[in-house]
Structure formats: structure tokens, C-alpha cells
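Colleague: My structure is below; once you've seen it, I'll send some questions.
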Amino acid sequence: MRFKHKPLIFLFVSCFFLTSAAYAADTPGKGIKVQPLKSSIAEETFQTMLVMKALEKLGYEVEPIKEIEYAAGHVAIANGDATFLADHWDPLHVDFYKNAGGADKIYREGEYSGGALQGYLIDKATSDTYKITHINQLADPEIAKLFDADGDGKADLAGCNPGWGCEKVIEHQLDAFKLRDTVTHNQGTYSAIMADTIARYKQGKSVLYYTWTPYWISGVMVPGKDTVWLQVPFSSLPGDRKDVDTSLPDGSNYGFQANTQRIIANKEFTDANPGAAKLFSIMKLSNNDISSQNLRMRDGEKSEKDIERHVDSWIKAHQSTFDGWLTEARNAAQ
């Protein structure tokens with residue numbers, strides 16, 4: 001009787017090992033913890049959570065997001081204190097990347113989202129009335145006074161948070177374009193500063209602000225319709241990028257290079273996890289998808305559950321693309 005059962009036992013054992021092998025192939029990250037990072041920009045949660053969802057499908061144990069500003073975040077990634085950051089802006093964050101060890105310590109392949117713009121904008125009504133098209137026109141005290149929000153006679157620029165990287169460019173350009181005496185760079189909590197700027201705009205007042213795309217601001221004050229990009233008189237960036245031409249392909253020059261958002265990760269982690277490395281290099285999001293989700297957050301859908309629902313909806317709408325990423329990642333892991 002024992003002999004008669006041996007084929008059945010063999011078949012059961014074979015099926016068990018085949019099933020285990022298939023499961024292992026589907027979940028190459030099983031038992032491995034991953035620590036995501038993001039900056040204080042709440043709207044970056046969407047991009048970060050999409051990467052997290054993909055890693056979970058590969059079996060990784062993904063920890064809750066830790067918030068940290070970019071410079072420290074790059075160092076944490078390089079040192080292995082965290083695993084990935086989904087919003088490295090290239091070339092805006094190139095100094096953070098190099099200072100943290102560059103390619104020796106940080107994996108940076110692929111383009112998560114390309115064609116991001118940055119620069120200075122004013123309301124279209126003021127631009128049309130006073131023929132203001134370039135930021136250096138604010139060196140004229142009479143022009144600058146149009147954007148004075150606090151009564152000191154200087155233009156109030158809604159600017160960039162310390163630690164984001166953009167603030168270094170703005171501070172450099174205030175000197176390069178001789179605007180220091182006529183323009184105040186207001187810094188603090190960007191969302192609060194911009195809420196005040198939007199309120200002033202809705203009251204029919206002149207506004208001057210820095211922003212970037214993709215971001216919800218340009219969905220509320222639409223460039224070309226409600227506002228206009230101001231051009232700079234010449235390219236001028238700080239540090240190692242001092243000789244970089246910031247002109248765009250159409251000839252316009254907003255003072256900032258067009259940026260690509262990349263996923264960066266700890267190099268030791270990606271060396272040991274080729275499937276995750278492959279995933280980081282092939283994931284892509286459109287600017288429109290990011291801006292649309294960010295606008296939903298601005299309109300009140302900003303809780304973690306709301307954002308997770310947005311991510312799940314995006315995956316459902318792009319299921320074949322998402323599944324394709326996972327297939328390529330699993331193949332790379334074998």
C-alpha cells in the first residue's frame with residue numbers, strides 16, 4: 001500500500017516546489033524591507049505611493065513614508081538609512097546628488113516624469129497693461145511697486161522654501177538681475193504663501209510668484225490665460241551650473257533648466273535587488289496625471305486614504321502598463 005501512494009506523494013511534493021518557485025519568482029522582494037522618503041511637499045505623496053504599490057506587488061515590505069528635505073534625503077539614501085526617493089529633480093538637485101556621493105552611492109536611472117518647468121509668473125492683466133515680459137523690468141521701482149503686498153514699496157515674490165534647491169537659484173538671480181533693492185523673496189511655507197497669492201489674484205490685485213510644473217498652481221492660475229511666464233535677460237545659475245544655458249527649445253528663457261523627475265535609490269540596495277532597480281528605471285508618470293491628482297488634493301482630497309484611492313484609480317486605468325513594469329522587474333530579478 002505504501003508503494004501505491006508513492007506517485008501521489010511525489011506529485012504532491014513536486015507541485016509544492018513548483019508552486020514555491022513560482023511564488024518566489026513573483027515576489028523577489030519577499031522578506032526585504034524598503035524605506036521610502038519624500039520632501040515636505042505633500043503632493044509628492046502620489047508619485048511616492050505609486051512606487052510603493054509596485055514594490056509591494058514584488059513582495060517587498062514597504063515601510064511608511066518618512067518626510068525629509070532633499071539635501072538630507074540624498075545623504076540618507078546614499079548611506080543606506082533609506083531606500084528610495086521618487087522626486088529627485090535633475091538637474092536642480094544635482095549638487096545634492098554629487099555631495100552625497102553621486103553614482104558610487106546612489107542609483108539614478110530612467111525618467112519618472114520629464115519636462116518639468118520652473119520660473120517666475122505674474123498675472124496677465126498686469127503684464128498686458130504695463131507690457132511686463134521680463135523679470136529684470138522689476139528693477140524699475142515703479143514697476144516693482146505694482147506687486148507690493150506689504151506697503152514697503154518693494155515687489156513681493158512668493159518664493160521657494162529653504163532646502164528645496166530652487167531658493168538658491170532665486171537668491172542668485174536677485175543679485176544677477178540687480179533686483180535685490182526692489183524685490184523681496186518671501187519664503188516660509190509655500191502652500192500658505194501661495195494661498196495668500198491666489199487670494200490676492202482673485203481680488204484683482206497684481207501678483208508675482210515662483211512655481212513649477214507639474215503642480216496644481218498652474219491649474220488654478222493657468223499660464224497664458226490667467227498668468228504669464230516672465231523671461232530672464234540672460235542665463236544665470238549658481239555654483240557649478242554658472243555657464244549653463246537655461247533657454248528652452250522654443251527660445252524662451254525662464255531662468256531655470258527644464259527638469260526631469262527621477263527615482264533615486266541606495267546603490268547597495270539596487271545592486272542586491274536588480275528587480276527593484278529595473279522597476280525604478282522604467283516607471284513613468286505624465287505631467288498631466290501628476291497635475292490632475294495634485295489639483296484634487298488642493299480641492300480637499302488630501303488625506304492619506306484619498307491619495308491611496310487616487311493611486312489605485314491610476315493603476316486600474318493603466319493596468320496593462322503597471323503589470324508590464326512588474327513583469328520586467330520580475331524578469332530582471334531572475
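The values are calculated or read from the model by the stated rules, or taken from the named source; none is laboratory data. Every value quoted in this text rests on a predicted model; they were computed, and no experiment measured them. Here Cβ is always computed from backbone atoms with ideal geometry, including for glycine, and neighbour counts include all displayed protein chains.
Here's the yes/no breakdown for (1) of a type in the set (A, V, I, L, M); (2) assigned to a loop (DSSP other than H, G, I, E, B); (3) more than 30 Å from Trp229 (Cβ to Cβ):
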residue	(1), (2), (3)
Lys30	no, yes, yes
Ser40	no, yes, no
Glu44	no, no, no
Glu56	no, no, yes
His74	no, no, no
Ile77	yes, no, yes
Gly119	no, no, no
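Colleague: Of everything in segment 213-227 that's of a type in the set (S, T, N, Q) and closer than 21 Å to Leu285 by Cα, which residue is nearest to the chain's Cα centre (by Cα)?
Modeller: Selected residue: Thr213.
Colleague: Moving on to the next point. If only one of Lys105, Lys131, Lys98 is farther than 30 Å from Ala82 by Cα and of a type in the set (Lys, Arg), which one is it?
Modeller: After applying the criteria, what remains is Lys131.
Colleague: So which residues in segment 121-137 are under 13 Å from Ser206 (Cα atoms) and in a helix (DSSP H, G or I), if there are any at all?
Modeller: Those that are under 13 Å from Ser206 (Cα atoms) and in a helix (DSSP H, G or I): Lys124, Ala125, Thr126, Ser127, Asp128, Thr129, Tyr130.
Yes/no matrix, rows are residues, columns are (1) out of contact with any strand residue (DSSP E or B) (no Cβ under 9 Å at 6 or more places or on another chain); (2) closer than 23 Å to Tyr97 by Cα; (3) touching a residue at least 40 places away in the same chain (Cβ under 8 Å); (4) not β-branched (Val, Ile, Thr):
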| site | (1), (2), (3), (4) |
| --- | --- |
| Arg262 | no, yes, yes, yes |
| Phe269 | no, yes, yes, yes |
| Ile282 | yes, yes, yes, no |
| Leu285 | no, yes, yes, yes |
| Ser291 | yes, no, yes, yes |
| Lys305 | yes, no, no, yes |
| Ser313 | yes, no, no, yes |
| His318 | yes, no, no, yes |
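Each row is one residue, and each column tells you yes or no for (1) within 30 Å of Ile32 (Cβ to Cβ); (2) crowded, with 20+ Cβ neighbours inside 10 Å; (3) at pLDDT 95 or above; (4) not basic (Lys, Arg).
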| position | (1), (2), (3), (4) |
| --- | --- |
| Pro233 | no, no, yes, yes |
| Ser236 | no, no, yes, yes |
| Lys242 | no, no, no, no |
| Asp250 | no, no, no, yes |
| Thr260 | yes, no, yes, yes |
| Ile264 | yes, yes, yes, yes |
| Lys267 | yes, yes, yes, no |
| Asp271 | yes, no, yes, yes |
| Ala277 | yes, yes, yes, yes |
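Conditions tested, residue by residue: (1) buried (at least 18 other Cβ atoms within 10 Å of the Cβ); (2) closer than 23 Å to Ile290 by Cα; (3) touching a residue at least 12 places away in the same chain (Cβ under 8 Å); (4) in contact with a Pro (Cβ under 8 Å, 6 or more places away or on another chain).
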position: Ile68; (1), (2), (3), (4): yes, yes, yes, no
position: Ala82; (1), (2), (3), (4): yes, no, yes, yes
position: His93; (1), (2), (3), (4): yes, yes, yes, no
position: Asn99; (1), (2), (3), (4): no, no, yes, no
position: Gly102; (1), (2), (3), (4): no, no, no, no
position: Ile106; (1), (2), (3), (4): yes, no, yes, no
position: Glu109; (1), (2), (3), (4): no, yes, yes, no
position: Tyr112; (1), (2), (3), (4): yes, yes, yes, no
position: Leu117; (1), (2), (3), (4): yes, yes, yes, no
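Colleague: Among residues belonging to segment 144-170 that are in contact (Cβ under 8 Å) with a residue 24 or more places away in the chain and either in a helix (DSSP H, G or I) or in the same structural domain as His93 (by TED's automatic domain parsing) (or both), point out the one that is nearest to the chain's Cα centre (by Cα).
Modeller: Of everything passing the filter in segment 144-170, Cys166 is nearest to the chain's Cα centre (by Cα).
Colleague: Going residue by residue through segment 139-149, is there one that turns out to be closer than 29 Å to Gln35 by Cβ, of a type in the set (D, E, K, R) and buried (at least 16 other Cβ atoms within 10 Å of the Cβ)?
Modeller: no
Colleague: Let me ask something else about it. Within segment 91-103, can one find any residue that is hydrophobic (A, V, I, L, M, F, W, C), assigned to a helix (DSSP H, G or I) and more than 25 Å from Gly188 (Cβ to Cβ)?
Modeller: Initially, segment 91-103 is screened for residues hydrophobic (A, V, I, L, M, F, W, C), giving 92, 94, 96, 100, 103.
From what's left, assigned to a helix (DSSP H, G or I): 94, 96, 103.
Pick out the ones that are also more than 25 Å from Gly188 (Cβ to Cβ) and you get 94, 103.
Taking every residue of segment 91-103 in turn, at least one turns out to be hydrophobic (A, V, I, L, M, F, W, C), assigned to a helix (DSSP H, G or I) and more than 25 Å from Gly188 (Cβ to Cβ).
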